[in-house]
Amino acid sequence: MSDEAAEVKRGPGRPRKPRPELQPVQRESLTVNINDIAHDMADRSRASARYMINHDPDFPPAFKLNGQDHWLREDWLAYLRRKAQQAREAKEAQANKRARAA
């Protein structure tokens, strides 16, 4: 090859096709673990979540998945709804008791 041939630069070639923007897939997991529970409890610690799990008899049962405790998401959400309803009823009962006393 001569020096002239070595100096010839090639063009950029065919332009690349633009890549489509990838949208992350938003999938709701069927299970929750201790980190998810602690996060749902207004960002409490895992120790606080574990204390609640161990001391509340109404808490749904866990199962092992890859060596970690997991709960079904629907059971966890049902537990939260049940606790919220109990808190609402207790607050209403307290308000009714105050109204009768006044």
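Looking at the stretch 24-36 only, could you name the residues that are at pLDDT 90 or above and more than 17 Å from L72 (Cα to Cα)? Spell out how you get there, then give the answer.
Going residue by residue through the stretch 24-36, those that are at pLDDT 90 or above are 30-36.
Selection gives nothing.
Residues of the stretch 40-89 that are among the aliphatic types (A, V, I, L, M), surrounded by 14 or more Cβ atoms within 10 Å (Cβ to Cβ) and more than 16 Å from the chain's Cα centre (by Cα): M52, I53, A62. Taking every residue in the stretch 37-52 that is under 16 Å from Y79 (Cα atoms) and without any contact (Cβ under 8 Å) to a residue 12 or more places away in the chain and pairing it with any residue that is part of a loop (DSSP other than H, G, I, E, B) and of a type outside the set (F, W, Y), at least 6 positions away or on another chain, the pairs with Cβ-Cβ distances below 6 Å are A38/R44. Given the structure, is I37 surrounded by 14 or more Cβ atoms within 10 Å (Cβ to Cβ) and more than 17 Å from the chain's Cα centre (by Cα)? So I37 fails the test.
The values are calculated or read from the model by the stated rules, or taken from the named source; none is laboratory data. If you're wondering where the values come from, they're calculated on a predicted model, not measured in any experiment. We place every Cβ from the backbone using ideal geometry, glycine too, and count neighbours over all the protein chains shown.
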